[in-house]
Amino acid sequence: MPTVDNGGCELYYETEGSGPTVAFVGDVGAGAWLWGWQHGAVAGPYEALTWDLRGTGRSDAPDGPYDVRTLAGDLEAVLADAGVADVHLVGAGLGGMVALAHAHRYNRAESLALIGTAADGSEVTDRLDDLRADPEDRGALAGSLSAAFAADLDEHPDVRDRIVSWRSEDDAGLEGWDAQAAAMRGFEAPPLYEVTDPALVLHGVDDVVVPAEAGEQLAEDLPRGEYRAVEGGHWCLVETSDAVSDALVGWLDEQTE
């Protein structure tokens, strides 16, 4: 199991496939399960890299709060340890903020795909708190999904229970979740005119955590931003996984022609 130490924080990551590297950066508290659908679509023609943010899963959980700059430094340590020279970054929620900060600070990004992301933490609504749940409390995990999805998963109990099981196994504990949420809320994007990489901004039209208007504005403010609305809520990458995966693969193919 590859790990890398960044300033005393051990970070876990995995790679699969070959070709240009696509690195996935997760949302607040979410384990790598969040990328299961997109990972499956990408791994093979691309090298898919997933990692556990500090505070999540198999990575260390130092005391918080965290900030996006630190998390971008963690991502840089992972990419350097994995021998990645150039990377296509895919981030959801907090992960999109980390991708933006990394692209501005380091010289590895070839493109960005940002899902449910805003340029400023002030755009994040109080519904973020509804995603918070103890991984050992399956009832709380099930209840928290109302903030993640537009659909009522109580009407799809098999799907709900699978997601609860994945979250129970892989998600951050409450302290790690709080530390990451502080990073998301405290984020202020670097000057977006300086982030000149091509950027696809995908956003669920029913996102209650980061309103779709914030995604539209982000795409408008990025010099090479392109906005695409998709059905679903904040975790549209799960809820309408086929549409998000198709858009992502098509985007990556365009960037690597």
Quick check on the range 45-73: of everything there that is under 22 Å from Ala119 (Cβ atoms) and either under 14 Å from the mean Cα position of the chain (by Cα) or hydroxyl-bearing (Ser, Thr, Tyr) (or both), which residue is surrounded by the most Cβ atoms within 10 Å (Cβ to Cβ)? Leu53
Considering only the range 203-232, how many residues are assigned to a helix (DSSP H, G or I), open to solvent by 20 Å² or more (accessible area, probe 1.4 Å) and without any contact (Cβ under 8 Å) to a residue 60 or more places away in the chain? 3
Restricting attention to the range 22-34, which residues are open to solvent by 10 Å² or more (accessible area, probe 1.4 Å) and not small (Gly, Ala, Ser)? Trp33
Run down Ala109, Ala77, Ala99 and say which single residue is within 20 Å of Val210 (Cβ to Cβ) and of a type in the set (Gly, Ala, Ser). Ala99
Can you run down the residue pairs with Cβ atoms below 7 Å, 6 or more apart or on separate chains, where the first is in the range 113-133 and at positive phi and the partner is charged (D, E, K, R) and open to solvent by less than 20 Å² (accessible area, probe 1.4 Å)? Gly116/Asp207
Is it the case that some residue within the range 160-181 is open to solvent by 50 Å² or more (accessible area, probe 1.4 Å), touching a residue at least 60 places away in the same chain (Cβ under 8 Å), within 18 Å of the chain's Cα centre (by Cα) and more than 16 Å from Val238 (Cβ to Cβ)? yes
For the range 74-95: of the residues being under 17 Å from Gly26 (Cβ atoms) and charged (D, E, K, R), which is most open to solvent (accessible area, probe 1.4 Å)? Glu76
Within the range 107-126, how many residues are open to solvent by 10 Å² or more (accessible area, probe 1.4 Å) and more than 23 Å from Ala182 (Cβ to Cβ)? 4
Kindly check whether there is at least one residue in the range 233-242 that is closer than 16 Å to Trp35 by Cα, small (Gly, Ala, Ser), in a helix (DSSP H, G or I) and under 17 Å from the mean Cα position of the chain (by Cα). yes
Which residues, counting only those in the range 136-149, are free of Cβ contacts under 8 Å to residues at least 40 places away in the same chain and outside any helix (DSSP H, G or I)? Glu136, Asp137
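The values are calculated or read from the model by the stated rules, or taken from the named source; none is laboratory data. None of the values given here were measured: they were computed from a predicted structure. Cβ sites come from the backbone with ideal geometry, for glycine too, and all protein chains shown count toward neighbours. For the accessible areas, the whole protein counts, side chains as well, though only heavy atoms, and no ligand, DNA or RNA atoms are used. Shrake-Rupley method; radii C 1.70, N 1.55, O 1.52, S 1.80 Å.
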